[in-house]
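Read the figures in this text as sums done on the coordinates, not as results from a lab. Predicted, not measured: the structure shown is a model, and the values here were computed from it. Heads up, the Cβs are rebuilt from the backbone with ideal geometry, glycines too, and the neighbour counts pull from every protein chain shown.
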Amino acid sequence: MTFINYASREINCKIVYYGPGLCGKTTNLQWIYEKTNPNAKGKLISLATETDRTLFFDFLPLELGTVRGFKTRFHLYTVPGQVFYDASRKLILKGVDGVIFVADSQVERMDANVEAIENLMVNLKSQGYDLLNIPYVLQLNKRDLPNVATVDEMKQALQRKNPGEPVYEACAARGTGVFETLKGVAKLVLADLTKTQ
Amino acid sequence: MAAPDIVMYEEEFNQIKGIIAKLRVDANSKVVFLVDKNGQQIAAHGDIENLDTTSLASLTAGNVAATDGLARLIGEKEFSILFHEGEKDNIHISIVASRVILVVIFDERSSLGLVRLRVKKASEELNRVFSNIMAKVEKERASTGTTFESPFAEITDEDIDSLFS
């Protein structure tokens, strides 16, 4: 649910990083936080356990500049990936404008990816959204690891849209593909605003 | 989209700012701010220079969402008021018009009773303003077939690229 404030000429969009546990959602946010101009970002908030696993969400506000005279802000959220935090994941999807699914490219995580994407579809539905109709991109993370599935295999298993949603290869720990993915979804979100509701 | 977008017009925005400014004085509080349930800040008033209001807004919404979840688990519709007591400062959180969150931060110069009393009155006024906004959006939709005239109707790839340059 984009929040457009005509009085102060601002537009705020909510982007959610979704994916199985340890796939690199928080790492994506950390990279964006480190590489963004201090004037353009707020604090990175991580509600994590003592072992740095996301407990509720990470949050990073980004102020990117103006589009057509409107100050454009993106609020980036991650969800906790571990299966038993499903109630929290549902809450964070509330009012989402765009979703990035971060998939773990390691062969042994393919089942977890598929399970998480099915979970995403169910949870979106419970908030009244359909994955097929909202701005959505797929990030294949950890491409630098030795035991990865091929891009084609992953597309086959994880793409849900027809024609397929945009796919970005990434290595979030080194920053490869991180901004490309964000830009990809931002473009879809802003383009979505041009449609009438 | 699942829910209609919130659109804030100048007239209502000024009314809201007036209401929360008055509430801040009446409740003898430090800060009053209004957030939508998705964590977007709508308006703030008071000593906000040293306050990270964006994070405050997002965490408040997360807090309310989690508490809503708890409420439903035990068969309640919602917990309409949350109160956090600190050593010096306290936070009073309440839901207005089922969709926005009113947050009052106060210290020993005020009291929970006073804040509750003033929040109740301000909530009624805010309720009216938000009903007006919704009516306006509905009316606009009925007359033009859209919720609002999107300022992004002619957005180009260059516009988006320039955001990330």
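General remarks:
- Subset of A:25/B:37; B:30/B:77; A:25/A:142; A:125/A:183; A:41/A:125 violating a 20 Å alpha-carbon distance limit: A:25/B:37; B:30/B:77; A:125/A:183; A:41/A:125
- The modelled label-to-label distance between residue A:107 and residue B:108, using points 7 Å beyond Cα along the C-beta direction, is 6.7 nm.
- Net length gained if the chain between residue A:48 and residue A:82 were fully extended (0.36 nm per residue, minus Cα distance): 11.0 nm
- Per-residue mean of foreign Cβ neighbours for A:4-14 is 6 (Cβ atoms of other chains, 10 Å radius).
- Positive minus negative residues near residue A:10 (Lys, Arg vs Asp, Glu; Cβ under 11 Å): +2
- Modelled FRET efficiency - R0 35 Å, residue A:156 with residue B:66, Cβ distances, 0.05 increments: 0.40
- Rounded to the nearest 5, the antiparallel percentage of DSSP beta bridges internal to the stretch A:3-193 is 45%.
- Inter-site label distance for residue A:127 and residue A:145 at 7 Å from Cα along Cβ, in nm: 2.6
- For residue B:136, the lysines whose Cα falls under 19 Å of its own Cα, not counting residues fewer than eight places away in the same chain, are B:17.
- For chain B: rounded, prolate or oblate by the Cα gyration tensor [a/c cutoff 1.5]: prolate
- Listed residues A:185, A:99, A:67, most fluctuating in chain A (Gaussian network, C-alpha, under 10 Å): A:67
- Peptide A:36-45, shielding by other chains (average Cβ, 10 Å cutoff): 2
- D_trans [Stokes-Einstein, Kirkwood Rh over alpha-carbon pairs] for the protein assembly as shown, 10 °C, 1.306 mPa s, µm² s⁻¹: 74
- On the principal axes of its alpha-carbon atoms, the stretch A:1-129 has extents of 47, 33, 25 Å, going from largest to smallest.
- Fluctuation leader among A:45, A:117, A:32 - chain A, Gaussian network, Cα springs under 10 angstrom: A:45
- For chain A, the mean residue ellipticity at 222 nm estimated from helices alone is -9500 deg cm²/dmol, where every DSSP H run of n ≥ 4 contributes -39500 (n - 2.57) and the total is divided by all residues, rounded to the nearest 500.
- Candidates B:68, B:107, B:52: whichever shows maximal mean-square fluctuation once chain B is modelled as a Gaussian network with Cα springs under 10 Å: B:52
- Summary of packing: across the peptides A:145-154, A:172-181, A:12-21, the per-residue average of other C-beta atoms within 10 Å ranks them, highest first, as A:12-21, A:172-181, A:145-154.
- Percent breakdown of C-alpha pair distances by 10 Å bin, ordered from the shortest bin, for the stretch A:103-148: 26, 43, 25, 6
- With a Förster radius of 35 Å applied to the beta-carbon distance between residue B:80 and residue A:176, the computed FRET efficiency rounds to 0.15.
- Summed residue charge, Cβ within 12 Å of residue B:19's Cβ, Lys/Arg positive, Asp/Glu negative: +2
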